[in-house]
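Worksheet: one structure, shown below.
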Amino acid sequence: MSRFLTLDVFTAKPFGGNQLAVFPDATGIPEESLLPICREFNFSEVTFCYPPADAAHTRRVRIFTPGGEIPFAGHPVVGTAAALALCEHAVDGESGRFIFELGVGLVPVDVRIESDARAWAELSVAKLPEVGPQAPTLNTLAEILSLETSDLVGGALSPQAVSCGYPFLLVPLKSLAALAKARVRVDRWEQTLKRFWAPEVFLAARDADQGPTHWRARMFAPGINVPEDPATGSAVAAFGGWLAMKEGKADGTFAWSVDQGMEMGRPSRLEVSATKAGGAVTAVRVAGRAVLMSAGELRL
């Protein structure tokens, strides 16, 4: 029997955000069972925790999607930190800092317990934003997304592939209406993006009603068997780092909020900030809340 916890991540209320299952101690789970367990839960991700290689760190954490293991993802890191703080007594008091060993490297996470079933956490990326190869044309992307070319933003915010440890194709749109009607044509995606450096597609549109620094987003990842994701911290990290690159100021800290999952009935709120010094991005952070939903044992 292996104990697990489930949480809703990037939400302050149950039944919102992105679902996550966490195995606080996965040492007894056979390697060949990790992917089937993830598929059994049918969540976007499941995390498996192990003793760290370095005793100065908190845990070694492995992240699985239904399509396989990945080196980094935001909502599993935030959710795992919340799970350990709420149920494993991994913090001394109401707040603390974890250091997770991930496939992408060391990821610091600040965590704060807010109630017996809710915690806030903020991760700092292990890898600063990396810009990938040129994106497909606006015409091609519009076709993949079942949109008009005029729905996509051009110029300085033209679509760009960016990674903060996991690559995404960032596609800004001109309106919330365009964001809502986007649908991935899997046949065209397979022909054009399946083997691209950043096959996962993150769409974002400004939500001016909630302020000049607020965005609304969606993320599609058919390549890892995630048709649409309710909240994607690694994509928001890449997006925030990219927005910071576009900022005219060479120094300072910049922050944005992002709502995701609205079209799925899983409303999520992610906060992202980035620091620049001398014109270069020096740090990217993603924060949000997680709510404990259940605890149980999996029979293997």
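No lab work stands behind these numbers, since they all come straight from the coordinates. Bear in mind the structure is a predicted one, so any value in this text is a computation, not a measurement. When we count neighbours, we look across all protein chains shown, and the Cβ atoms used for this are built from the backbone with ideal geometry, even at glycine.
When you filter the GluC sites (Glu not before Pro) in the range 140-196 for DSSP loop state and at most 16 other Cβ atoms inside 10 Å of their Cβ, you are left with Glu148. Within the listed set Ile99, Ile29, Ile113, the Gaussian network model of the chain (springs between alpha-carbon atoms below 10 Å) gives the highest mean-square fluctuation for Ile29.
What FRET efficiency would be calculated for the residue pair Thr27, His89, taking the C-beta separation as r and a Förster radius of 30 Å, to the nearest 0.05?
According to the calculation, E is roughly 0.95.
Applying the criteria of a DSSP loop state and at most 14 other Cβ atoms within 10 Å to the GluC sites (Glu not before Pro) of the range 210-289 yields Glu247. With 0.36 nm allotted per residue and the present C-alpha distance subtracted, the Ser150-Lys246 stretch has 32.4 nm of extension available. Available extension along the chain between Arg39 and Arg195 is 53.8 nm, counting 0.36 nm per residue and deducting the alpha carbon span. Scalar couplings 3J(HN,Hα) for the range 243-259, obtained by applying the Karplus form with A = 6.51, B = -1.76, C = 1.60 to θ = phi - 60°, are 4, 5, 4, 7, 5, x, 6, 7, 9, x, 10, 10, 9, 9, 10, 9, 9 Hz; x denotes Gly and Pro.
Going down the table (Lys174/Lys276; Lys13/Lys181; Lys174/Lys246), which pairs top 23 Å between alpha carbons? With Cα atoms farther than 23 Å apart: Lys174/Lys276; Lys13/Lys181.
Gaussian network model of the chain, Cα springs within a sub-10 Å range: biggest mean-square fluctuation belongs to which of Ser268, Ser95, Ser163? Top of the fluctuation ranking is Ser95.
Comparing Arg289, Arg188, Arg218 in a Gaussian network model of the chain (Cα springs below 10 Å), the most mobile by mean-square fluctuation is Arg188.
Take the Cβ atoms of Ile99 and Asp187, set R0 to 51 Å, and the FRET efficiency comes out at 0.75. What the pair-distance distribution of the chain shows, using all Cα-Cα distances binned every 20 Å from zero, is 36, 57, 7 percent.
Considering only DSSP beta bridges where both residues belong to the range 144-236, give the percentage that are antiparallel (nearest 5). Roughly 70 percent of the DSSP beta bridges within the range 144-236 come out antiparallel. If the chain linking Asp54 and Phe15 were pulled fully straight, counting 0.36 nm for each residue of separation and taking away their Cα-Cα distance, it would gain 10.4 nm.
Kirkwood-based Rg over Rh for the range 130-286 (C-alpha set), two decimals? Write out the running numbers ahead of the final one.
Working: Rg = 14.6 Å, Rh = 15.5 Å.
The Rg/Rh ratio comes out at 0.94.
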